Amino acid sequence: MDRRNVKMVLSNPELLPSDFNKKSPDNSILTVALKFKHENPILMTSDNGLQVKANGLGIATISLKEFLRR
């Protein structure tokens, strides 16, 4: 973690909408993206369910395949 621009950020289940499962690993990932929502994060995942949730919360997504095509 001593590399430049790399940091660990813990999840915060309180950032999730009330109807989201607070113990879901996918939702834990979403909370980290939500912490940075004001910076317009892009969540890289090939998990369709996670993409749908993220997009529903206003978080942009991209799959690894899409990223590598750029």
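Read-outs throughout are calculated quantities, based only on the coordinates presented, and are distinct from any laboratory measurement. Since the structure is predicted, the reported quantities are computational estimates derived from the model, not experimental observations.
General remarks:
- For Leu43, residues with placed amide H under 5 Å, excluding near neighbours: Ala60, Thr61, Ile62
- Derived from the Cα gyration tensor, the three semi-axes of the equivalent ellipsoid of the chain are 20, 17, 11 Å, largest first.
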